[in-house]
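The values are calculated or read from the model by the stated rules, or taken from the named source; none is laboratory data. Everything numeric in this text was worked out from a predicted model, so none of it was measured. With ideal geometry, Cβ positions are generated from the backbone for all residues, glycine too; neighbour counts draw on all protein chains shown.
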Amino acid sequence: MRKAELHVHLEGSIGAETLREIDPSLTREEIEANLACSTFEEFLRGYIWMVKKLETPEHYALATRHLLEKLAAEGVTYAEITLSAGVVLWKQQDLSAVYEAVWRETQRSPVHAFWILDAIRQFGAEHGMEVAKFAVTRRDEGVVAYGIGGDEVRGPAEWFRDVFAFARDGGLRLVCHAGETAGPESVRSALDIGAERIGHGIAAAQDPALMARLKESNVPLEVCISSNVCTGAVASLEAHPVRKLYDAGVPITIHTDDPAFFHTSLAREYEIAGRVFGLPAEVLAANSFRYAFRA
C-alpha cells in the first residue's frame with residue numbers, strides 16, 4: 001500500500017549504524033543510552049546530543065540518504081522531511097551548505113521527497129524569521145513548508161504570526177507543532193496564526209469545540225502514536241486519544257516523528273493504528289496523500 005510520510009524529523013531518524021559511520025568511536029551502549037527516553041525532557045536531551053554529532057553537511061547528507069532508503073523499503077513513495085534549520089543556525093553552521101547537501105540526496109532518491117524547514121519556538125520570533133527568510137529562498141529547490149517546533153509553553157504561537165504571514169506570502173505552506181506537551185489552547189493558537197497542518201495536536205481531544213473546528217476547517221493532525229507514548233505525552237498506548245479524534249471527524253494522518261528514538265517505522269505505526277484503535281489503513285494512507293503539500 002502506497003503511503004506518504006509527512007511528519008519525520010531528519011535528525012530524529014538517525015539510528016546507530018548511521019551514527020557509527022559519522023563517529024566510529026561511539027559504542028552501541030552509548031548510543032542506546034542517549035536515544036532512550038520516557039519523558040519529553042529526556043527526549044530533548046537525547047535530541048541535543050544527536051544533533052551535536054552532525055558537524056558537517058556530509059553528515060546531514062548521509063542521514064538523508066539512509067532515511068530515504070528506509071522509506072523506500074517501506075513502500076513510502078512521497079515524503080515531507082523536517083530539517084531543524086533553527087538548530088543548524090543555533091550550532092552556527094552554514095545553513096545553505098547543509099540544505100544543499102540534503103537536497104542533492106533527495107533528488108537521487110526514488111522517493112518523491114520535499115523539505116519542511118523548522119524553527120525553534122522558544123528561540124523567539126527573530127530567530128523564526130531568519131529561518132523563514134532562508135526557507136523562502138529555497139521555495140523552488142525543494143522547500144514546501146515552514147514550521148515551528150520546540151517548547152510550546154516557552155514559545156507561544158502568537159509570537160510567530162508575522163513570521164507565518166511572511167512565509168505564506170513567500171509561497172510556503174505552514175505547519176506547527178502544537179497540542180503535544182501543552183493543552184488545547186496551543187492548537188487553537190496554531191490555527192489562529194494560519195497553520196495548515198498540526199504536528200501531534202492530540203490535546204484537541206480535550207475540547208469538543210476545537211475538534212469541531214479542525215473538522216470544519218479540514219486541518220489534519222499529524223498523529224505520531226509511539227512518539228506520544230515514549231515521551232509521556234499520553235499515559236499509555238491504550239490512553240492515546242487518536243480514536244476519539246477520528247470518531248469526531250478530525251482529519252488524521254499517521255507518522256513516525258523521530259523513529260530512531262521511538263524504535264518505530266511507518267509500517268509499525270499503521271499496524272498499531274489498526275490493531276489497537278481499529279483505524280482503517282486505507283483511509284489513513286489516502287489522507288497522507290490528500291494532506292500532502294505537493295503529492
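Miscellaneous remarks
- The condition of being under 17 Å from Val8 (Cα atoms), modelled with pLDDT of 95 or more and in contact with a Lys or Arg (Cβ under 6 Å, 6 or more places away or on another chain) holds for only one of Val102, Val76, Val87, that being Val76.
This table checks each residue for (1) in contact (Cβ under 8 Å) with a residue 40 or more places away in the chain; (2) within 20 Å of Trp90 (Cβ to Cβ).
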| residue | (1), (2) |
| --- | --- |
| Arg154 | no, yes |
| Gly170 | no, no |
| Cys176 | no, yes |
| Leu191 | no, no |
| Gly194 | no, no |
| Gly199 | yes, yes |
| Cys230 | yes, no |
| Ser236 | no, no |
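- A single entry from Glu130, Glu126 fulfils the requirement of being over 19 Å from the mean Cα position of the chain (by Cα), farther than 30 Å from Arg268 by Cβ and either crowded, with 24+ Cβ neighbours inside 10 Å or without any contact (Cβ under 8 Å) to a residue 24 or more places away in the chain (or both): Glu126.
- A single member of Ala178, Ala73 is closer than 20 Å to Gly199 by Cβ and either surrounded by fewer than 18 Cβ atoms within 10 Å (Cβ to Cβ) or small (Gly, Ala, Ser) (or both), and it is Ala178.
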